[in-house]
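K.L.:
Handing you a structure now.
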Ligand SMILES: [Zn+2]
């Protein structure tokens, strides 16, 4: 098992990314769950379920948030995502999750056109 996938390492990365997001945005941002996923098409990624993160945060701090997600994903996947996106709540205001994904070509195109996603 790659060291980044050890449960103790996942716990550490979750805590660190939560703390870094809160510092970056100057407010408490919760990362309630860090999920590592693999899909039938070959896409893999790391997803962070967030609280108190809104669309505007991602619009303003997109590049910085991307750095944080990239660093977390690299530690876990030992690879660099090629797509980053925030999933919006039906309100279109709250961000439900932030994901870094090493996406296959087909998914990459779909993700960039998805209505409930904000790619950054
Ligand atoms: Zn895919």
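Derivation of every value follows stated rules applied to the coordinates shown; laboratory data play no part. All figures in this text were calculated on a predicted structure; none of them were measured in a lab. Glycine also receives a Cβ, built like all others from the backbone with ideal geometry; neighbour counts cover every protein chain displayed.
K.L.:
Say R0 is 22 Å: what FRET efficiency, to the nearest 0.05, do residue 32 and residue 1 get from their beta-carbon distance?
P.N.:
Approximately 0.35, to the nearest 0.05.
K.L.:
Per DSSP helix of 4 or more residues, -39500 (n - 2.57); summed, then divided by the residues of the chain. What does that give at 222 nm, rounded to the nearest 500?
P.N.:
It comes out at -14000 deg cm²/dmol, rounded to the nearest 500.
K.L.:
Direction-averaged shadow area of the convex hull around the Cα atoms of the chain, nm²?
P.N.:
If I average the Cα hull's projected area over directions, I get 7.0 nm².
K.L.:
OK, next. Using per-residue counts of other Cβ atoms within 10 Å, averaged over each peptide, order 44-57, 69-82 from highest down.
P.N.:
The peptides rank, most packed first, as 44-57, 69-82.
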